[in-house]
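Note sheet for the following structure.
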Amino acid sequence: MAQGQEQEKLIIFDTTLRDGEQSPGISLDATEKLEIAEQLARLNVDYIEAGFPVASQGDFEAVRMIAERVEGPAIAALSRTHLSDVDRCWEALKPAARKRIHVFISTSPSHMESMLKMTEAQVLTETRAGVARARGYTEDVEFSPQDATRTPLDFMIEVLQAAVDSGATTLNVPDTVGYGIPWDFGALIGYVRKNVSGDYMISTHCHNDLGLATANSLAGVQAGARQVEVCVNGLGERAGNAALEEVVMAVKIRSDIFQGLTTQVRTEELARTSRMVARLTGYPVQYNKAVVGRNAFAHESGIHQHGVLADRSTYEIIDAESVGQKSSQIVLGKHSGRHAFSDTLTKMGINIKGDALNAAFTRFKELADRKMDITEADLEAIVAEELGTVATDAFSLEELKVSGGTVGTPQATVAISSAAGRVEATAEGNGMIDAAGQAIQKATSISANLIGFSVSSITGGVDAIGDVVVQLESDGVKVSGKGISTDVVEASARAYLNAINRLQRALVRREAAEREVGP
Ligand code: KIV
Ligand code: ZN
């Protein structure tokens, strides 16, 4: 096996931008994907799977942009075995310094019969053709037999052997439907290792339908896999994929079990990466999420607090700082000037200039007037909000007035500006937040159904900044939007407008794509 030199290294293959983006309701545009990819490069993952270029023009462009601009990790993209898919995949990846084509085809009886309508012989032919085409372009080719854990063993081995013989260098074993149980999945990896000959590395790709994705990935590593496919915050189809932060920290903290195996991930970037992905995808991180949840280092009971004060290791196996979890750190206040503001951002690795910096500074001042201390996490949210707005938004919120209470009908008036000028609209709702949403729909003339709403605070305290996520649906398109403010109604209106802006962009993109395809 090609694991000699890399024996002690575990390759981290991040698929947040491909499988993670397949989470219901997530729709990232190319700029957002680039922002996440740049943070993944800071996190120092080995591979970024940037997308599935043949899926849409938007996916193609996002992969291409990441391949052009992101330095450090190798860039991978997904492709079916069709030769034209492989060609398109290569076209998108071309500008990257290091690139991988990831070819897949389903191998389980259920997928072959119901979806592919292919026989085993046809799947073998497709595998050989797709992998060979990819190998003609690059020496770094990964192959995945989709639904491997429900594929008869003999056939899976036959397909994997065909892939290696045709040029695949990494064999990924996807537990597509999250069916595996750790010892059974570990045995499967051991079986592949023993029965497929040639020069290749084994990879795991575990879904979380039974809540076992991290455990299964680790069992695979224990059995000899030297690559894990993971997503930040465990995003991914349905219940998600193995969480990057969990797998990385398990291998690090239990190096006694993993016998010195290491990843090259800069773990201090984990919390920031998690916050950025949550913000841009609109998928909040559950409070008690391992490693990156806000309560991962919070101690409630007196006995635990006492223990941790005396010696952190009494109740903590991870040093919070080692995963970047010290967000309570106060960085700025209302007296901080522009210089301190931009200096702090630079130290945090955020480089914004010109109009974006001015807009972010104005918003910071507005919030600092209402909130005593601004933390790193608050600053990230402020900058992110302004970057989105300055870059591409069609509408911006000028004013919001609301009235409501236990008597009378709640009402909201908004003033929205766009290239067409300023529009005011008033609407009623079943609460002030609903009224604000209705008024925004009127003012922008974009209507949508609210399908999700959640509110959390970025940091604690009575003056905490509220972080609202809304999900909207219109004409089959689902988007999410985020907004922050010390006032929850204002944060909701901002989130609503942020989602409307995304919806507007998504609808424009869809219209353009329909025009390309023609009648
Ligand atoms: O879950 C899966 O099988 C996948 C493959 C495309 C690797 O995501
Ligand atoms: Zn998957």
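For this structure, a couple of remarks:
- So V247, is it more than 13 Å from ligand 1 (Cβ to nearest atom), over 22 Å from E21 (Cα atoms), modelled with pLDDT of 95 or more and among the aliphatic types (A, V, I, L, M): no
- Of the residues in segment 345-366, none is of a type in the set (D, E), more than 26 Å from I440 (Cβ to Cβ) and in contact (Cβ under 8 Å) with a residue 24 or more places away in the chain.
Here is a yes/no grid of residues against (1) part of a loop (DSSP other than H, G, I, E, B); (2) at pLDDT 85 or above:
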site: F453; (1), (2): no, yes
site: G461; (1), (2): yes, no
site: A464; (1), (2): yes, no
site: K482; (1), (2): no, no
site: E490; (1), (2): no, yes
site: Q504; (1), (2): no, yes
site: A513; (1), (2): no, no
site: P519; (1), (2): yes, no
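- Hits in segment 9-18 - residues which are within 16 Å of E245 (Cα to Cα) and either buried (at least 24 other Cβ atoms within 10 Å of the Cβ) or within 10 Å of ligand 1 (Cβ to nearest atom) (or both): I12, F13, D14, T15, T16, L17
- Residue within segment 214-229 that is under 30 Å from V455 (Cβ atoms), touching a strand residue (DSSP E or B) at 6+ places or on another chain (Cβ under 8 Å), within 16 Å of ligand 1 (Cβ to nearest atom) and open to solvent by 10 Å² or more (accessible area, probe 1.4 Å) present: yes
- Within segment 193-213, tally of residues that are away from ligand 2 (no atom under 14 Å from the Cβ) and surrounded by fewer than 18 Cβ atoms within 10 Å (Cβ to Cβ): 8
- Counting the residues of segment 238-275 that are hydrophobic (A, V, I, L, M, F, W, C), part of a helix (DSSP H, G or I) and open to solvent by less than 20 Å² (accessible area, probe 1.4 Å) gives 7.
Residue by residue, here is whether (1) among the aliphatic types (A, V, I, L, M); (2) more than 26 Å from L367 (Cβ to Cβ) holds:
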| position | (1), (2) |
| --- | --- |
| G429 | no, no |
| N449 | no, yes |
| V455 | yes, no |
| D463 | no, no |
| E473 | no, yes |
| N498 | no, no |
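- Segment 391-427, residues that are of a type in the set (D, E) and in contact with a strand residue (DSSP E or B) (Cβ under 7 Å, 6 or more places away or on another chain): E398, E399, E424
- Residues of segment 37-51 that are buried (at least 24 other Cβ atoms within 10 Å of the Cβ) and in a helix (DSSP H, G or I): A37, L40, L43.
- In summary, strands (runs of 3 or more DSSP E) completely within segment 369-445 and bearing 1 or more residues that are aliphatic (A, V, I, L, M) and open to solvent by 40 Å² or more (accessible area, probe 1.4 Å) occur at 396-403, 421-428.
- Some residue of segment 58-77 being open to solvent by less than 10 Å² (accessible area, probe 1.4 Å), within 16 Å of ligand 2 (Cβ to nearest atom) and within 30 Å of A448 (Cβ to Cβ): no
- Unmet requirement for G236, which otherwise passes all of (1) within 16 Å of ligand 2 (Cβ to nearest atom); (2) free of Cβ contacts under 8 Å to residues at least 24 places away in the same chain: (2)
- Segment 170-192: number of residues that are more than 16 Å from ligand 2 (Cβ to nearest atom) and open to solvent by 40 Å² or more (accessible area, probe 1.4 Å): 5
The values are calculated or read from the model by the stated rules, or taken from the named source; none is laboratory data. These numbers come from a predicted model, not from an experiment. Methodologically, a virtual Cβ is constructed for each residue, glycine included, from the backbone with ideal geometry; neighbour enumeration extends over all protein chains shown. Just the protein is used for accessible areas: all its heavy atoms, side chains included, with ligands, DNA and RNA removed. Shrake-Rupley method; radii C 1.70, N 1.55, O 1.52, S 1.80 Å.
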